[in-house]
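Undergrad: I'd like to ask some things about the structure below.
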Amino acid sequence: MAVRTWLGTRFGAYNESMDWDTGVPQDGDSVVMDNAANCTMVSDELDVELVGFDMTGYTGTFAMGSNGIDVDGPVTLDGTITGSGATI
C-alpha cells in the first residue's frame, strides 16, 4: 500500500506514471490530489480499488469520463469533478 500524490505536471492523465509522485495508483493505494493540476481519466481503462481518496485543497478539474473508483476508506472531495456515468 502506497500513498500516491497527483502532480499533473506532465500529461494531465491519470494513467500516466509521470503525473504521479511515485507512479499510477494501484489497488490498495491511497490517492492525494491537493494542487491545481487538472486530471483526466481516459476511456474506461480504470477500475481501481483504493483505501483512501483525499482531494482536500484540490482546485483543478478531475474529469472521470465513465470510469469508476472504488474507495474502501475515507473520501474527501474538493475541486471540480466531471463525468458521464462515472462512480466514486
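Undergrad: Assigning unit charges at the beta carbon (Lys, Arg +1; Asp, Glu -1) and nothing else, what dipole magnitude in debye, to the nearest 20, does the chain show about its Cα centre? Numbers along the way, then the final one.
TA: On the way: 2 positive and 14 negative charges, 63 e Å.
Value, rounded to 20: 300 debye.
Undergrad: How big is the shadow of the Cα convex hull of the chain, averaged over all directions, in nm²? Could you put the intermediate results ahead of the total?
TA: Values: hull surface 18.4 nm².
Across all orientations, the chain yields a mean hull projection of 4.6 nm².
Undergrad: Return a whole-number percent for the relative contact order of the chain, with Cα pairs under 8 Å and 6 or more residues apart as the contact set. Provide the component values of the computation, followed by the final result.
TA: Details: 246 pairs, mean separation 21.1, N = 88.
Rounded, it is 24 percent for the chain.
Undergrad: Another question about this same structure. Taking 25 Å as R0, compute the FRET efficiency from the Cβ-Cβ separation of residue 71 and residue 21 and round it to 0.05.
TA: Numbers: r = 19 Å, r/R0 = 0.76.
The calculated FRET efficiency here is 0.85.
Undergrad: In addition: Which percent, nearest 5, of DSSP beta bridges in the chain are antiparallel? Before the final figure, lay out each step's value.
TA: Numbers: 1 of 20 bridges.
Percent antiparallel among DSSP bridges in the chain is about 5.
Undergrad: Show me 9-22, 54-67 ranked by packing, highest mean number of other Cβ atoms within 10 Å first. The partial results should precede the final answer.
TA: On the way: 9-22: 15.4, 54-67: 17.9.
Per-residue mean Cβ counts within 10 Å order the peptides as 54-67, 9-22.
Undergrad: To continue, here is another question. Using a Förster distance of 25 angstrom, determine the FRET efficiency expected from the C-beta separation of residue 49 and residue 80, and round it to 0.05. If you can, show how the numbers build up before the last one.
TA: Working: r = 24 Å, r/R0 = 0.96.
Approximately 0.55, to the nearest 0.05.
Just so you know, all these numbers are worked out from the coordinates, no wet-lab data involved. Note that the coordinates shown come from a computational prediction; the quantities given were computed from them, not determined experimentally. Please note: Cβ atoms are built from the backbone with ideal geometry, for glycine as well, and neighbour counts cover all protein chains shown.
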